[in-house]
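The values are calculated or read from the model by the stated rules, or taken from the named source; none is laboratory data. Computed from a prediction, not measured in an experiment: that's the story for all the values here. Note that each Cβ is placed from the backbone with ideal geometry, even for glycine, and that neighbours are counted across all protein chains shown. Surface areas here come from the heavy atoms of the whole protein model, side chains and all, with no ligands, DNA or RNA. Shrake-Rupley method; radii C 1.70, N 1.55, O 1.52, S 1.80 Å.
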Amino acid sequence: MSLLNDLVNLNLCDVTEKVIAEYIWIGGSGMDMRSKARTLPGPESDPSRLPKWNYDGSSTEQATGDNSEVMCDAYTPTGDPIPTNKRFNADKIFTHPDVIAEEPWYGIEQEYTLFQKDTKWPLGWPVGGFPAPQGPYYCGVGSDKAFGRDIVDAHYKACLFAGINISGINGEVMPGQWEFQVGPVTGISSGDQVWMARYILERITEIAGAVLSFDPKPVLGDWNGAGAHTNYSTKSMRNDGGIKVINEAIEKLSKRHKEHIAAYGKGNERRLTGLHETADINTFSWGVANRGASVRVGRDTEKEGKGYFEDRRPSSNMDPYVVTSMIAETTILWKP
């Protein structure tokens, strides 16, 4: 195994100027990550100057066999964005002059669960059984409370190395469940960075022999689900008197609750039950420091009269391009 590691970690700079470029895209389910690599003659820092490359869309559930070539930025051969290319429409919103002027910031709290590869049961759980009830695991320390920390720490450092604005990690309420935060990041870059952080995590769990799950309710019963709480602010919200703009934005969100819920992730009805720090999926609510509400406003924001709010409805398997652009479109562009 050490010989294999030596080969994987070879320093190519000593023998060639060529580099390996990994092309990454979102598969047909809207959540599966795909990638393949090619050799380039030298380093390239501008993605727009990378050569276009196609892939077999019929093998990723994104095209038919008789017309299967799809560009890695997720376009058909005729140049149309494929259905899973949510970035295309998000970019239209984030390049709108009114949205640009407001400089929307996002901080996304991505929860996930680590599973044992062979048993399909959460990491650290006894096979065929259950661990002690929830309580000691959230931000817990110790081999009987924190399962998979080596994966979590490796991912944290890898994201920092890759230039992702990862701002923290913590163990979650359910054992085997963790969270990383990305942000604050402006506009569409938030979706870019969350997707890349997901990809890096998937590669690390591959190496570690664990299985990564973004299921919003990975274990039924008295166990917390997994979400992707989305913290959000605009320039007007961050300025003095911004609490008025925050309240107006939350009111707009309340009027489009069903539309947002429909786009906030598959299986979210199993998570948003009104229990385990969630609001009921059918009812919009908000409150100060209320983790059982659809939208939470922090006490510091209330005290200072400006700041941000947290949309707690998105599930762990949400598409960050969809969620971030919908929030911006509803709160900045939509006129009820």
What residue among Ala228, Ala210, Ala101 has the largest mean-square fluctuation in a Gaussian network model of the chain, using Cα springs under 10 Å? Ala101
What is the distance, in nm, between label points placed 7 Å from the Cα along the Cα-to-Cβ direction at Leu220 and at Thr186? 4.7
Test of understanding: extend the Cα→C-beta vector of His96 to 7 Å, then name every residue of the range 305-333 with backbone N under 20 Å from that spot. 309, 311, 319-333
Efficiency of FRET from Cβ geometry, Phe88 and Arg49, R₀ 25 Å, rounded to 0.05: 0.80
Which of Gly168, Gly292, Gly227 ends up with the largest GNM mean-square fluctuation for the chain, with Cα atoms connected below 10 Å? Gly168
Highest-MSF residue in the chain out of Ala208, Ala263, Ala293 [GNM, Cα springs under 10 Å]: Ala208
At Lys36 and Val127, where each label point lies 7 Å from the Cα along Cα→Cβ, what is the point-to-point distance in nanometres? 3.7
Note down the Stokes-Einstein diffusion coefficient of the range 86-136 in µm²/s, whole number, using a Kirkwood radius over alpha carbon pairs, 4 °C, and 1.567 mPa s. 85
From highest to lowest solvent-accessible area (probe 1.4 Å; ligands, DNA and RNA excluded), Thr119, Thr234 read Thr119, Thr234
As a percent rounded to 5, the proportion of antiparallel DSSP bridges among beta bridges in the chain is 95
Quick one: what do you get for the range 85-188 if you divide its Cα Rg by 2.2 N^0.38 Å? 1.39
Beyond 21 Å (Cα-Cα) in this structure, taken from Lys217/Lys255; Lys18/Lys52; Lys36/Lys120; Lys244/Lys335; Lys217/Lys252, we find Lys217/Lys255; Lys36/Lys120; Lys217/Lys252
Cα-based Rg and Dmax for the range 184-247, in Å, come out at 17.2, 51
Quick one: if the Förster radius is 41 Å, what FRET efficiency do Gln134 and Glu17 give, using the C-beta to C-beta distance and rounding to 0.05? 0.20
Hz values of 3J(HN,Hα) by residue in the range 38-52 - Karplus curve (6.51, -1.76, 1.60), Gly and Pro given as x: 9, 8, 10, x, x, x, 9, 8, 9, x, 5, 9, 6, x, 5
Within-13-Å neighbourhood charge of Arg296 [Cβ basis; K, R +1; D, E -1]: -2
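With contacts defined as alpha carbon pairs under 8 Å and 6 or more residues apart, what's the relative contact order of the range 237-336 in percent? Don't jump to the answer; show the numbers that get you there.
Values: 151 pairs, mean separation 33.5, N = 100.
That works out to 34 percent.
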With a sphere of radius 13 Å drawn around the Cβ of Ala328, what net charge do the other residues whose Cβ falls strictly inside it have (Lys, Arg +1; Asp, Glu -1)? -2
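Which whole number in µm²/s is D for the range 185-336 by Stokes-Einstein, with the Kirkwood Rh taken over Cα pairs at 37 °C and 0.692 mPa s?
Numbers: Rh = 16.2 Å.
Answer from the Stokes-Einstein relation: 202 µm²/s.
Keeping the other protein chains in place, figure out the carbon and sulfur percent of the accessible area of the chain, with a 1.4 Å probe.
Details: 9130 of 17050 Å².
The value for the chain is 54 percent carbon and sulfur by accessible area.
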Starting from the Cα of Asn170, step 7 Å along the direction of its Cβ; do the same at Val288; then give the gap between the two resulting points in nm. 2.1
Could you state the number of Å between the C-alpha centres of the range 282-319 and the range 144-171? 25
